[in-house]
Amino acid sequence: MPRTVSRGVVALPLCCALLLTVSACGGNDSQSVGAAAVPAAASPSVSASFEQQKLAKTRFVANAGLAAGAAYQWIVKPYRAGKFTKGADGRTFALVKAGLAGAFTYNRLKAAVHNAQGDPLLAKAVAPLSAGIDSLKDLGTKLRKGDAGAGDVNSFESVINSVKDAGKSAGAEVVDKVPTASQLTGGS
(Lines give C-alpha, C1' and ligand atoms only; values in the text may rest on other atoms or scores of the structure.)
Protein backbone atom coordinates (compact mmCIF):
# COMPACT_ATOMS: atom_id res chain seq x y z
CA MET A 1 0.00 0.00 0.00
CA PRO A 2 1.49 3.43 -0.93
CA ARG A 3 2.48 5.66 1.95
CA THR A 4 -0.08 8.44 1.20
CA VAL A 5 -2.97 5.96 1.08
CA SER A 6 -1.93 4.35 4.36
CA ARG A 7 -1.78 7.77 6.03
CA GLY A 8 -5.28 8.54 4.78
CA VAL A 9 -6.59 5.22 6.06
CA VAL A 10 -5.19 6.01 9.52
CA ALA A 11 -6.14 9.71 9.54
CA LEU A 12 -9.82 9.27 8.60
CA PRO A 13 -10.81 7.08 11.59
CA LEU A 14 -8.78 9.28 13.96
CA CYS A 15 -10.59 12.42 12.74
CA CYS A 16 -13.98 10.72 13.07
CA ALA A 17 -13.15 9.53 16.58
CA LEU A 18 -12.05 13.04 17.55
CA LEU A 19 -15.22 14.61 16.18
CA LEU A 20 -17.42 12.07 17.98
CA THR A 21 -15.55 12.62 21.24
CA VAL A 22 -15.79 16.41 21.02
CA SER A 23 -19.48 16.39 20.11
CA ALA A 24 -20.26 13.94 22.91
CA CYS A 25 -18.67 16.22 25.50
CA GLY A 26 -20.80 18.88 27.08
CA GLY A 27 -23.06 19.62 29.96
CA ASN A 28 -25.89 21.79 31.18
CA ASP A 29 -23.67 24.77 31.97
CA SER A 30 -21.96 25.11 28.58
CA GLN A 31 -22.79 26.77 25.31
CA SER A 32 -22.23 24.79 22.14
CA VAL A 33 -20.25 26.49 19.39
CA GLY A 34 -20.09 24.28 16.32
CA ALA A 35 -18.94 20.85 17.43
CA ALA A 36 -16.92 22.06 20.43
CA ALA A 37 -18.32 22.90 23.85
CA VAL A 38 -17.24 26.13 25.54
CA PRO A 39 -17.80 26.69 29.27
CA ALA A 40 -20.29 29.48 29.99
CA ALA A 41 -18.16 31.09 32.68
CA ALA A 42 -14.76 30.36 34.10
CA SER A 43 -13.82 31.61 37.52
CA PRO A 44 -10.61 33.66 37.41
CA SER A 45 -7.88 32.77 39.83
CA VAL A 46 -5.28 34.98 41.44
CA SER A 47 -2.53 33.56 39.23
CA ALA A 48 -4.65 34.17 36.11
CA SER A 49 -5.03 37.81 37.13
CA PHE A 50 -1.27 38.10 37.65
CA GLU A 51 -0.61 36.51 34.24
CA GLN A 52 -3.08 38.91 32.59
CA GLN A 53 -1.23 41.86 34.09
CA LYS A 54 2.13 40.47 33.03
CA LEU A 55 0.88 39.88 29.52
CA ALA A 56 -0.72 43.32 29.48
CA LYS A 57 2.68 44.97 29.92
CA THR A 58 4.27 42.68 27.36
CA ARG A 59 1.56 43.38 24.80
CA PHE A 60 1.69 47.10 25.54
CA VAL A 61 5.45 47.13 24.92
CA ALA A 62 5.07 45.13 21.69
CA ASN A 63 2.27 47.30 20.27
CA ALA A 64 3.80 50.61 21.32
CA GLY A 65 7.20 49.49 19.98
CA LEU A 66 5.70 48.63 16.58
CA ALA A 67 3.86 51.97 16.50
CA ALA A 68 7.04 53.86 17.38
CA GLY A 69 9.11 51.95 14.83
CA ALA A 70 6.61 52.50 12.03
CA ALA A 71 6.22 56.21 12.79
CA TYR A 72 9.94 56.81 12.89
CA GLN A 73 10.89 54.63 9.90
CA TRP A 74 8.19 55.70 7.46
CA ILE A 75 7.01 59.11 8.67
CA VAL A 76 9.57 61.04 10.73
CA LYS A 77 12.76 59.91 8.99
CA PRO A 78 11.49 60.43 5.39
CA TYR A 79 9.99 63.79 6.37
CA ARG A 80 13.31 64.99 7.77
CA ALA A 81 15.07 63.71 4.63
CA GLY A 82 12.73 65.84 2.48
CA LYS A 83 10.96 62.89 0.81
CA PHE A 84 7.51 64.52 1.20
CA THR A 85 8.35 67.80 -0.56
CA LYS A 86 6.97 68.40 -4.04
CA GLY A 87 9.35 67.20 -6.74
CA ALA A 88 11.34 64.92 -4.42
CA ASP A 89 12.56 61.61 -5.80
CA GLY A 90 10.21 58.81 -4.73
CA ARG A 91 7.71 61.23 -3.17
CA THR A 92 4.58 59.30 -4.15
CA PHE A 93 5.91 56.00 -2.82
CA ALA A 94 7.10 57.70 0.39
CA LEU A 95 3.66 59.28 0.89
CA VAL A 96 1.87 55.98 0.36
CA LYS A 97 4.17 54.24 2.85
CA ALA A 98 3.70 57.12 5.29
CA GLY A 99 -0.06 56.84 4.95
CA LEU A 100 0.04 53.12 5.65
CA ALA A 101 2.42 53.70 8.55
CA GLY A 102 0.13 56.39 9.93
CA ALA A 103 -2.89 54.10 9.93
CA PHE A 104 -0.79 51.26 11.35
CA THR A 105 0.65 53.48 14.08
CA TYR A 106 -2.80 54.71 15.11
CA ASN A 107 -4.09 51.12 15.23
CA ARG A 108 -1.15 49.86 17.31
CA LEU A 109 -1.36 52.83 19.70
CA LYS A 110 -5.06 52.12 20.28
CA ALA A 111 -4.17 48.47 20.92
CA ALA A 112 -1.41 49.52 23.32
CA VAL A 113 -3.85 51.69 25.31
CA HIS A 114 -6.26 48.75 25.43
CA ASN A 115 -3.45 46.47 26.64
CA ALA A 116 -2.49 48.99 29.30
CA GLN A 117 -5.91 48.55 30.91
CA GLY A 118 -4.75 45.15 32.20
CA ASP A 119 -2.14 46.74 34.48
CA PRO A 120 -3.26 49.39 37.02
CA LEU A 121 0.01 51.36 37.04
CA LEU A 122 0.31 51.32 33.26
CA ALA A 123 -3.36 52.24 32.81
CA LYS A 124 -2.89 55.29 35.06
CA ALA A 125 0.23 56.37 33.14
CA VAL A 126 -1.36 55.99 29.69
CA ALA A 127 -4.85 57.37 30.47
CA PRO A 128 -4.00 61.04 29.77
CA LEU A 129 -2.67 60.14 26.32
CA SER A 130 -5.95 58.91 24.82
CA ALA A 131 -6.91 62.33 23.45
CA GLY A 132 -3.51 62.73 21.77
CA ILE A 133 -3.79 59.29 20.20
CA ASP A 134 -7.31 60.03 18.98
CA SER A 135 -6.02 63.19 17.30
CA LEU A 136 -3.87 61.00 15.04
CA LYS A 137 -6.87 59.15 13.58
CA ASP A 138 -7.00 60.93 10.22
CA LEU A 139 -3.30 61.68 9.94
CA GLY A 140 -2.64 58.53 7.88
CA THR A 141 -5.01 59.72 5.18
CA LYS A 142 -3.53 63.21 5.34
CA LEU A 143 -0.04 61.78 4.86
CA ARG A 144 -1.11 59.55 1.97
CA LYS A 145 -2.64 62.53 0.15
CA GLY A 146 0.45 64.66 0.77
CA ASP A 147 -1.45 67.19 2.90
CA ALA A 148 0.59 66.68 6.09
CA GLY A 149 3.03 69.30 7.24
CA ALA A 150 5.70 69.72 9.87
CA GLY A 151 3.11 70.17 12.64
CA ASP A 152 1.45 66.87 11.76
CA VAL A 153 4.72 64.95 11.73
CA ASN A 154 5.76 66.61 14.99
CA SER A 155 2.44 65.63 16.61
CA PHE A 156 3.06 62.01 15.60
CA GLU A 157 6.51 62.13 17.14
CA SER A 158 5.22 63.88 20.27
CA VAL A 159 2.46 61.31 20.89
CA ILE A 160 4.88 58.42 20.34
CA ASN A 161 7.39 59.93 22.78
CA SER A 162 4.62 60.49 25.35
CA VAL A 163 3.53 56.84 25.10
CA LYS A 164 7.15 55.69 25.44
CA ASP A 165 7.64 57.94 28.49
CA ALA A 166 4.40 56.71 30.09
CA GLY A 167 5.46 53.12 29.58
CA LYS A 168 8.89 53.79 31.06
CA SER A 169 7.36 55.45 34.12
CA ALA A 170 5.19 52.34 34.67
CA GLY A 171 8.09 49.92 34.29
CA ALA A 172 7.34 48.93 30.69
CA GLU A 173 10.11 50.44 28.60
CA VAL A 174 9.19 50.71 24.93
CA VAL A 175 11.85 50.11 22.28
CA ASP A 176 11.25 51.00 18.61
CA LYS A 177 10.58 47.92 16.48
CA VAL A 178 10.15 48.44 12.75
CA PRO A 179 7.23 46.32 11.50
CA THR A 180 7.55 44.13 8.43
CA ALA A 181 5.87 45.17 5.20
CA SER A 182 3.17 42.50 5.67
CA GLN A 183 2.42 43.81 9.18
CA LEU A 184 2.22 47.34 7.83
CA THR A 185 -0.24 46.43 5.09
CA GLY A 186 -2.48 44.42 7.40
CA GLY A 187 -1.13 40.92 6.85
CA SER A 188 -0.29 38.60 9.70
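Going by what's in this entry, would SER162 be described as outside any loop (DSSP other than H, G, I, E, B), more than 16 Å from LEU66 (Cα to Cα), out of contact with any Phe, Trp or Tyr (no Cβ under 7 Å at 6 or more places or on another chain) and of a type in the set (S, T, N, Q)?
no
The one condition from (1) closer than 24 Å to LYS86 by Cα; (2) part of a helix (DSSP H, G or I) that HIS114 does not meet is (1).
The combined condition, being of a type in the set (S, T, N, Q) and free of Cβ contacts under 8 Å to residues at least 40 places away in the same chain, is not fulfilled by THR185.
Of the residues making up segment 115-122, one or more are at pLDDT 85 or above, open to solvent by 80 Å² or more (accessible area, probe 1.4 Å), more than 15 Å from the chain's Cα centre (by Cα) and under 16 Å from LYS164 (Cα atoms).
Note on segment 49-71: residues that are modelled with pLDDT under 90 and aliphatic (A, V, I, L, M) total 2.
Starting from segment 159-175, keep only residues that are under 14 Å from TYR72 (Cα atoms) and without any contact (Cβ under 8 Å) to a residue 24 or more places away in the chain, then list their pairs with residues that are open to solvent by less than 90 Å² (accessible area, probe 1.4 Å) and not in a helix (DSSP H, G or I) whose Cβ atoms are within a distance under 9 Å, requiring at least 6 positions of separation or different chains. Short answer, once both residue conditions are applied: none.
Here's the yes/no breakdown for (1) touching an Asp or Glu at 6+ places or on another chain (Cβ under 8 Å); (2) part of a helix (DSSP H, G or I); (3) open to solvent by 40 Å² or more (accessible area, probe 1.4 Å); (4) more than 21 Å from VAL76 (Cα to Cα):
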| residue | (1), (2), (3), (4) |
| --- | --- |
| ALA94 | no, yes, no, no |
| LYS124 | no, yes, yes, yes |
| ALA127 | no, yes, yes, yes |
| LEU136 | no, no, no, no |
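Considered as a group, the residues in segment 116-147 that are in contact (Cβ under 8 Å) with a residue 40 or more places away in the chain and in contact with a Leu (Cβ under 8 Å, 6 or more places away or on another chain) include one that is farthest from ALA71 (Cα to Cα), and that residue is GLY118. May I ask you to list the residues in segment 62-82 that are touching a residue at least 12 places away in the same chain (Cβ under 8 Å) and open to solvent by 30 Å² or more (accessible area, probe 1.4 Å)? Once the filter is applied, which keeps residues that are touching a residue at least 12 places away in the same chain (Cβ under 8 Å) and open to solvent by 30 Å² or more (accessible area, probe 1.4 Å), segment 62-82 yields ALA62, TYR72, GLN73, TRP74, TYR79.
The values are calculated or read from the model by the stated rules, or taken from the named source; none is laboratory data. Bear in mind that the values here come from a model prediction, so they are computed numbers and not experimental data. Glycine also receives a Cβ, built like all others from the backbone with ideal geometry; neighbour counts cover every protein chain displayed. What goes into the accessible areas is simple: the full protein's heavy atoms, side chains included, and nothing from ligands, DNA or RNA. Shrake-Rupley method; radii C 1.70, N 1.55, O 1.52, S 1.80 Å.
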